[in-house]
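K.L.:
Below: one structure in structure tokens.
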Amino acid sequence: MLNQIFSRRPIRPRTIKLAVIPGDGIGQEVTAEANRVLDAVLAGSDVVLERTEFKLGAERYLATGDVLPADEQAAIAQHDAILFGAVGGVPGDHRLQAANIERNLLLKLRFDFDHYANVRPCRLFTGVKSALADPGDVDFVVVREGTEGPYAGNGGRLRADTPAEVSTEVSVNTAYGVERVVRYAFELAEKRDRKKLTWVHKTNVLVHAGATWQRIVEAVAAEHPGITVDYMHVDAATIFMVQDPARFDVIVTDNLFGDILTDLAGAIGGGIGLASSGNINPSREFPSMFEPVHGSAPDIAGQQKADPTAAILSTAVMLDHLALPAEAARVREAVERDLAARGEAARSTAEIGAAVIAQIAPRA
């Protein structure tokens with residue numbers, strides 16, 4: 001009797017408020033396909049997506065002079081997640097250089113929303129050609145600290161535009177900031193089969209920041225005896241990432257090193273067009289932001305030449321963060337099946353999106 005009563009109760013839909021920032025260039029095209037895949041994978045579920053689109057980026061700035069108005073940032077903050085495309089405009093446009101769109105939009109959102117864990121998976125899917133001849137079984141994640149390091153904006157110029165110019169860019173490393181991203185990386189390693197963590201720095205030269213990172217990694221490692229931990233200088237990590245990328249599982253590192261290593265990882269995983277990412281606020285005080293690693297590619301914008309796979313895979317990272325792991329897995333599996341069957345024939349952005357949707361397995 002109780003089972004009959006419960007079975008008649010209506011399912012209460014779960015509403016997810018999604019802020020969408022397509023941005024510029026191919027960002028608009030790949031975001032459109034990512035949204036189509038989201039709709040397809042959530043069809044028939046109890047999840048309702050409420051989207052709000054924010055027209056921000058170089059195109060908006062050149063038209064109005066706005067980069068990230070305070071009221072729009074406050075509105076974005078009320079959402080559960082952000083799906084971001086790419087920003088940038090015509091290369092060399094002095095107005096965009098003066099506005100510094102990337103720092104004043106993308107990085108501002110990362111810093112103001114405390115996206116301290118920048119998560120970038122690298123997986124070589126079946127059927128995808130790596131830049132390496134024999135890469136092995138590549139499946140690792142780079143956890144890049146997202147709110148400190150040289151990107152914190154601590155620095156300046158003295159006697160600018162003169163022969164005596166002095167420029168400083170200070171790398172900020174706080175025990176608070178390092179510990180929380182290191183803990184995030186260890187917790188991620190606990191969830192993975194190999195349970196291995198590599199921390200990357202340059203402790204032989206950057207002795208002050210390196211000492212902070214080392215002390216904290218060792219302290220957190222003691223709380224996770226089941227995790228195998230090793231260390232690499234960042235230059236050595238680039239060598240091993242090329243020679244034997246399959247040795248890595250979870251990598252944790254600072255903001256700048258992570259930025260560089262993940263571009264290399266993108267090439268190993270089949271190209272930057274497959275590289276996804278999540279800018280995570282684990283406390284969920286602010287919405288996390290999910291974006292393909294590639295830029296706006298203005299040279300091919302509007303031509304339907306861009307591969308939307310990185311944006312689609314970024315939605316899988318987002319679904320994991322939103323506690324929808326089954327849906328995230330279905331997106332990744334659909335991408336894997338599409339990549340395995342893709343072949344050499346050229347397809348448009350929309351055709352790739354449609355092909356991924358056709359590969360989405362039915363809901364269990």
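K.L.:
Arranged by the count of other C-beta atoms within 10 angstrom, fewest first, what order do T212, T15 take?
P.N.:
The most exposed by this proxy come first: T15, T212.
K.L.:
Still on this structure, I have one more. Rounded, prolate or oblate for segment 130-269? Axes are the square roots of the Cα gyration tensor eigenvalues, ordered a ≥ b ≥ c, and the cut-off for rounded is a/c under 1.5.
P.N.:
Oblate shape, in that a/c is at least 1.5 and b/c is the bigger or equal ratio.
K.L.:
Rounded if a/c is under 1.5, else prolate if a/b is larger than b/c, else oblate: which is segment 24-138, with a ≥ b ≥ c the root eigenvalues of its Cα gyration tensor?
P.N.:
Oblate is the answer for segment 24-138, as a/c is 1.5 or above yet b/c matches or exceeds a/b.
K.L.:
Now a separate question. Tally Lys/Arg at +1 and Asp/Glu at -1 over every other residue whose Cβ is under 15 Å from the Cβ of I76; what's the total?
P.N.:
Result for the neighbourhood of I76: -3.
K.L.:
What list do you get for D161, D249 if you sort them by fewest beta carbons within 10 Å?
P.N.:
The fewest-first ordering by Cβ neighbours comes to D161, D249.
K.L.:
Something else: Over the residues of the chain, compute the C-alpha Rg and express it relative to 2.2 N^0.38 Å.
P.N.:
Relative to the 2.2 N^0.38 Å estimate, the chain comes out at 1.03.
K.L.:
May I ask you to evaluate 6.51 cos²θ - 1.76 cosθ + 1.60, the Karplus curve with θ = phi - 60°, for each residue of segment 112-127 and list the ³J(HN,Hα) values in order in whole Hz, giving x for glycine and proline?
P.N.:
Listing the rounded values in order: 5, 8, 6, 7, 7, 10, 8, 9, 10, x, 10, 10, 8, 6, 4, x Hz.
K.L.:
Once amide H atoms are built 1.01 Å from N in the peptide plane, which residues 5 or more positions from R51, or in another chain, come under 5 Å H to H?
P.N.:
Result for R51 returns L18.
K.L.:
Something else: With charges only on Cβ, +1 for K and R and -1 for D and E, what is the dipole size of the chain about its Cα centre, in debye, rounded to 20?
P.N.:
Here the size comes out at about 860 debye.
K.L.:
Determine the shape class of segment 320-364: with a ≥ b ≥ c the square roots of the Cα gyration tensor eigenvalues, call it rounded for a/c under 1.5, and otherwise prolate if a/b is greater than b/c, oblate otherwise.
P.N.:
Because a/c hits 1.5 or more and a/b exceeds b/c, segment 320-364 counts as prolate.
K.L.:
Which order do the peptides 109-115, 166-172 take when ranked by the mean count of other beta-carbon atoms within 10 Å per residue, highest first?
P.N.:
109-115, 166-172
FYI, it's all coordinate maths here, none of it is from the lab. Everything numeric here is computed off the predicted structure, so don't read it as measured data. Because the Cβ atoms are built from the backbone with ideal geometry, glycine has one as well, and the counts that use them run over all protein chains shown.
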